[in-house]
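Here is the structure we will look at.
The values are calculated or read from the model by the stated rules, or taken from the named source; none is laboratory data. Values in this document were obtained by computation on a predicted structure and should not be read as measured data. As a convention, Cβ positions derive from the backbone with ideal geometry for all residues, glycine included, and neighbour counts pool all protein chains shown. These accessible areas exclude ligands, DNA and RNA; they are computed on the full protein's heavy atoms, side chains included. Shrake-Rupley method; radii C 1.70, N 1.55, O 1.52, S 1.80 Å.
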Amino acid sequence: MSNRRQTKTVYVRDIPIGGGHPIVIQTMTTTKTKNVEETVRQINTLATAGAKIVRLAIFNKADAMAIKEIKQQVTVPLVADIHFSYQYALMCIENGIDKIRINPGNIGSDENVKKVVDACKARNIPIRIGVNGGSLEKNIKAEYGVSPEGMLASAKYHVELLEKFDFHDIIISLKSSHVDIAVEAYRLASEAFDYPLHLGITEAGTKFGGTIKSAVGLGILLYEGIGDTIRVSLSTDPIEEVKVAKELLSVLGLYKKPRLISCPTCGRLQYNMFPLVDKVEQYLETKDYDITVAVMGCAVNGPGEASAADIGIAGGKNEGLIFVDGTIKRKVKAEEMYDELIKEIERKVQKES
């Protein structure tokens, strides 16, 4: 991977974004924010899954007023997603929000922008400028069309508006549903700004299609060293966004989580491997072990791949071989493969802790 682009550090409460710090995973609730109990439940579930920051939609006054009560029941920093109403932003700030996401140009006059900026400055609250390719300003769209250059021009306009009031705790996103436009927009922004960049492919799609689109777009940028925090946008339960983000960062060596190697299978397979792989993956999703586990299908490549992992199992007819640190540990019956593999994983983790 390329070296990370150096940006300034901006704190969202106690979480640093940029400045070479670990890339922060974010997501967004799907609840009505004013429904406090339901929103708190989802936030805490997302935090347990690995989200470090969670964003909330602020649609009306009730949503803004709910922030105070929600904050008392969660541990992760919260972001208020504001459109058009500077008053809602001020309410959220008053009620303890940790970060504001706005387009400064769409909340009214410069005087209104200054009110939000002053309130954020007084409480050390950062602002994310959220540029979206689908909603560029009319004058910018007329000049540039929907293009990376137009998105950069929009970002510059909003940044200059905040900087005019001596505000510099800024994070920038330039999202598009088109991978090529988003990638180039972020490349341009990484050259133009030293502020942290929030990566995302907006309206990416379903759990399947959106995961692929996000992996391509975000993977390119992360591989080039661009990006300080990410949100994977999927039309599904937001916990899936967190899972995909963790896996994407892990593949690129930017997040520590258990790694699973598994065989694609072929006609040589002699046991019911797919349920075993699924169960092992579900187990590993709940752990933070720095370990590589292999579940392999047959004796051709299986033992070699399994022995290359920290722990692995290669299945055969009615049985499997468990490998630990490259050495065959023991043979187990087919019906015992999952339980015995988990025992070995936990034994090894405990031994090395």
Which residue out of Lys257, Lys243 is in contact with an Asp or Glu (Cβ under 8 Å, 6 or more places away or on another chain), open to solvent by 40 Å² or more (accessible area, probe 1.4 Å) and under 27 Å from Gly18 (Cβ atoms)? Lys243
From the residues in the range 127-146 that are out of contact with any helix residue (DSSP H, G or I) (no Cβ under 7 Å at 6 or more places or on another chain) and buried (at least 17 other Cβ atoms within 10 Å of the Cβ), which one is farthest from Asp14 (Cα to Cα)? Asn132
State whether the residues of the range 97-114 include one that is assigned to a helix (DSSP H, G or I), surrounded by 15 or more Cβ atoms within 10 Å (Cβ to Cβ), of a type in the set (A, V, I, L, M) and at pLDDT 95 or above. no
Kindly indicate the residue of the range 36-60 that is in contact with a strand residue (DSSP E or B) (Cβ under 8 Å, 6 or more places away or on another chain) and assigned to a helix (DSSP H, G or I) and also farthest from Thr229 (Cα to Cα) among those meeting that condition. Thr39
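Can you name every residue in the range 86-127 that is in contact (Cβ under 8 Å) with a residue 40 or more places away in the chain and under 18 Å from Phe59 (Cβ atoms)?
Of the residues in the range 86-127, the ones in contact (Cβ under 8 Å) with a residue 40 or more places away in the chain are 98-99, 101, 103-105, 110, 113-114, 117-118, 120-121, 124-127.
Selection gives Lys99, Arg101, Asn103.
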Restricting the range 150-196 to residues that are part of a strand (DSSP E or B) and not small (Gly, Ala, Ser), which is surrounded by the fewest Cβ atoms within 10 Å (Cβ to Cβ)? Ile170
Matching residues in the range 41-55 - criterion: being open to solvent by 10 Å² or more (accessible area, probe 1.4 Å) and without any contact (Cβ under 8 Å) to a residue 60 or more places away in the chain: Arg41, Asn44, Ala47, Thr48, Lys52
Of the criteria (1) buried (at least 16 other Cβ atoms within 10 Å of the Cβ); (2) modelled with pLDDT under 95; (3) over 18 Å from Asp169 (Cα atoms); (4) of a type outside the set (Ser, Thr, Tyr), which one Asn3 fails: (1)
Against the conditions (1) of a type outside the set (S, T, N, Q); (2) open to solvent by 20 Å² or more (accessible area, probe 1.4 Å); (3) in a loop (DSSP other than H, G, I, E, B); (4) over 30 Å from Ile239 (Cα atoms), where does His83 fall short? Just the number, please. (4)
